[in-house]
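The values are calculated or read from the model by the stated rules, or taken from the named source; none is laboratory data. Predicted model only: the values in this text are computed from it and were never measured. Quick reminder, even Gly has a Cβ in these numbers, built from the backbone with ideal geometry, and neighbours come from all protein chains shown.
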Amino acid sequence: MQRMFLAAAIAAALLPVNAVAQEERPAYVRALAAGYKAAFVCSNLFNGGLSEEQTEADDLRGTYSSLNALFATMPASVDRQRRAVFVPYDETMPPRIAAWRPSLGCAQLPIGATHDAVDTLPRMNVTPPDLDALPWPMGDRNAAAPPQGDAAALQHIVADAFDGRTYGQGSETTAVLIVQNGRIVNERYRADLNMHSSQRTWSVAKSIAGTVVGAAVQQKLIDVDSAAPVPEWQRPGDPRQRITTDQLLRMTSGLHSDHAGNRTDVLYFGGVAVVDQAASWPMVAEPATVFRYANNDTVLAIRGLQHVLGDGEKSLRFPFESLLWKIGMTRTVPETDWKGHFVMSSQVWTTARDLARLGLLHINDGVWQGTRILPAGWQDYVRQLGAAQPSEGYGYGATWWTFPEDSGLPQDAIVARGNRGQHLVVIPSRELVIVRRGFDGAGINFDLTEFTRDLLGALPA
């Protein structure tokens, strides 16, 4: 009888705990939705000069089903003088807040933070150079050239990318840019956008992050084959000290995470800092034995680099002064959390032209106008497949994808891929860079393989 009573008591005690663990509390979901809206309105307004109406139509539509219906119930308030956005979600709590800083973009404040906290956000005391008047690719002058191939066919293929049918029913293309032999041979934008319109990269940011790490390797600041210098893992006995930066770049860290793929809600929308979220997960598999595509791995690779740089302003300036501004990417904005750590797994805003510049750097194996920015052979390093791979489809190198083996596309191609149809294809053997950007809704896939194949047919070697 005593054993039966004890078993019943244990079962009764466990049931509420399990129920709470699985419950999505309405107040928290509303806080996430408000944070999502504050972040996108802030970044679109102050990074890319897009309107609130464009944000509502594009970034607040076709996203996560649990949040979509809430956006309309949460009116955003914009303080243009302080460059901050406030979105209320609960009468008993302060609104969710996102605030902009020059070059560093918008940071979300934690849930419960008040207006005064805007002034505490990390800032950077340096401004980007004005390069627009320089010739392409450093600037925007004299960028266009006729294609070496079938110009009419190229024009037709690009037009098809915008029709919402040919390369994916319901797809919504916002930009296509084709660079051949270093010059722009085709460039088209949705009617309300232009070459300086900025969009969120989503996971294309991971390839940018990998390139930032490459710049640090070139400067001998970090060794990718050594233990990742994540300070939260340095306590004696922590098994995560076995994880290398290379394994983080290849998504083979063995770390657990709340969601595989691109769901990192508390970091992206909840105002939780990198060091409090990404660095806290346990290792559940030996490094280099399991592929798990997770934002945390990329975030942690950059966290380790920032720690090597001493955190603070020096670590904030590094991506700009060592990579972005050196190759003309002056409209690329990698955003940080409220503690000053880059969320470079997704939260980067950039233009189609800046992505093309990144592609040109890789085509030239890390050399930009005579200056080596990435180590020799970095192009091969990022394309080399990791020890563990996705079960099917694209292969994964070091923050860059490779086309499926049966695609028939050049084997030296590398691909940056992001949510909602963000794509950057780099094919060194063909001197070709392809940028496609979009606002594809959930479940809609733009057929990048077919699009690339058609472009190669119009632009023969």
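Closer than 16 Å to Ser171 by Cβ, touching a residue at least 40 places away in the same chain (Cβ under 8 Å), in contact with a helix residue (DSSP H, G or I) (Cβ under 9 Å, 6 or more places away or on another chain) and assigned by TED's automatic domain parsing to the domain that holds Thr298, is that true of Val382? No: the conditions fail for Val382. Scoring Leu358 on the criteria (1) assigned to a helix (DSSP H, G or I); (2) touching a helix residue (DSSP H, G or I) at 6+ places or on another chain (Cβ under 6 Å) leaves a single failure, condition (2). Within the range 179-186, does at least one residue satisfy the condition of being touching a Leu at 6+ places or on another chain (Cβ under 6 Å) and either surrounded by 18 or more Cβ atoms within 10 Å (Cβ to Cβ) or of a type in the set (Ser, Thr, Tyr) (or both)? Checked the range 179-186: at least one residue is touching a Leu at 6+ places or on another chain (Cβ under 6 Å) and either surrounded by 18 or more Cβ atoms within 10 Å (Cβ to Cβ) or of a type in the set (Ser, Thr, Tyr) (or both). Of the residues examined, Asp297 is not one that is over 18 Å from Ala205 (Cβ atoms) and not in a loop (DSSP other than H, G, I, E, B).
Residues that are of a type in the set (D, E, K, R) and either within 21 Å of Ala191 (Cβ to Cβ) or buried (at least 17 other Cβ atoms within 10 Å of the Cβ) (or both) within the range 135-170 comprise Asp140, Asp160, Asp163, Arg165, listed in sequence order. Determine whether the range 328-341 contains at least one residue that is closer than 26 Å to Arg437 by Cβ, among the aromatic types (Phe, Trp, Tyr) and touching a residue at least 24 places away in the same chain (Cβ under 8 Å). No, every residue in the range 328-341 fails to be closer than 26 Å to Arg437 by Cβ, among the aromatic types (Phe, Trp, Tyr) and touching a residue at least 24 places away in the same chain (Cβ under 8 Å).
The rows are residues; the columns are (1) under 26 Å from Gln369 (Cβ atoms); (2) assigned to a strand (DSSP E or B).
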{"site": "Gly310", "(1), (2)": "no, no"}
{"site": "Glu313", "(1), (2)": "no, no"}
{"site": "Phe318", "(1), (2)": "yes, no"}
{"site": "Ser322", "(1), (2)": "yes, no"}
{"site": "Trp325", "(1), (2)": "yes, no"}
{"site": "Arg331", "(1), (2)": "yes, no"}
{"site": "Lys339", "(1), (2)": "no, no"}
{"site": "Ser346", "(1), (2)": "no, no"}
{"site": "Trp349", "(1), (2)": "yes, yes"}
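In summary, Ser257 fulfils each of the numbered conditions (1) within 18 Å of the chain's Cα centre (by Cα); (2) in a helix (DSSP H, G or I); (3) not β-branched (Val, Ile, Thr) with the single exception of condition (2). Among the residues making up the range 141-197, those that are aromatic (Phe, Trp, Tyr) and in a loop (DSSP other than H, G, I, E, B) are Phe162, Tyr167. Comparison of Gly408, Gly418, Gly457, Gly395 shows that the only residue that is touching a residue at least 40 places away in the same chain (Cβ under 8 Å), more than 17 Å from the chain's Cα centre (by Cα) and within 24 Å of Gln384 (Cα to Cα) is Gly408.
Confirm whether Ser207 is under 16 Å from Gln347 (Cβ atoms) and among the hydroxyl-bearing types (Ser, Thr, Tyr).
For Ser207, the condition - under 16 Å from Gln347 (Cβ atoms) and among the hydroxyl-bearing types (Ser, Thr, Tyr) - is met.
Return the residue satisfying two criteria in turn: it lies in the range 239-260 and is among the aliphatic types (A, V, I, L, M) and free of Cβ contacts under 8 Å to residues at least 60 places away in the same chain, and of such residues it is surrounded by the fewest Cβ atoms within 10 Å (Cβ to Cβ).
Restricting to residues being among the aliphatic types (A, V, I, L, M) and free of Cβ contacts under 8 Å to residues at least 60 places away in the same chain, the top hit is Ala260.
Scanning the range 261-309 for residues being surrounded by fewer than 19 Cβ atoms within 10 Å (Cβ to Cβ) and in contact with a strand residue (DSSP E or B) (Cβ under 6 Å, 6 or more places away or on another chain) gives a total of 3.
Taking the range 163-191 as the range and being more than 26 Å from Asn364 (Cα to Cα) and either in contact with a Lys or Arg (Cβ under 7 Å, 6 or more places away or on another chain) or modelled with pLDDT under 95 (or both) as the test, the residues that pass are Thr173, Thr174.
For every residue, the table says whether it meets (1) closer than 27 Å to Phe291 by Cα; (2) polar (S, T, N, Q); (3) surrounded by fewer than 23 Cβ atoms within 10 Å (Cβ to Cβ).
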| position | (1), (2), (3) |
| --- | --- |
| His362 | yes, no, no |
| Ile373 | no, no, yes |
| Tyr381 | yes, no, yes |
| Gly408 | yes, no, yes |
| Asp440 | yes, no, yes |
| Ile444 | yes, no, yes |
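Given the criteria closer than 13 Å to Ala209 by Cα and either within 18 Å of the chain's Cα centre (by Cα) or outside the structural domain of Ala205 (by TED's automatic domain parsing) (or both), does Ser322 qualify? In short, no.
Please work out if Ala151 is closer than 20 Å to Glu431 by Cα and in contact with an Asp or Glu (Cβ under 8 Å, 6 or more places away or on another chain). For Ala151, the condition - closer than 20 Å to Glu431 by Cα and in contact with an Asp or Glu (Cβ under 8 Å, 6 or more places away or on another chain) - is not met. Residues in the range 414-429: is at least one part of a loop (DSSP other than H, G, I, E, B) and closer than 20 Å to His362 by Cα? No, the range 414-429 contains no residue that is part of a loop (DSSP other than H, G, I, E, B) and closer than 20 Å to His362 by Cα. Here is the figure for the range 187-202: residues that are among the acidic types (Asp, Glu) and buried (at least 22 other Cβ atoms within 10 Å of the Cβ) total 0.
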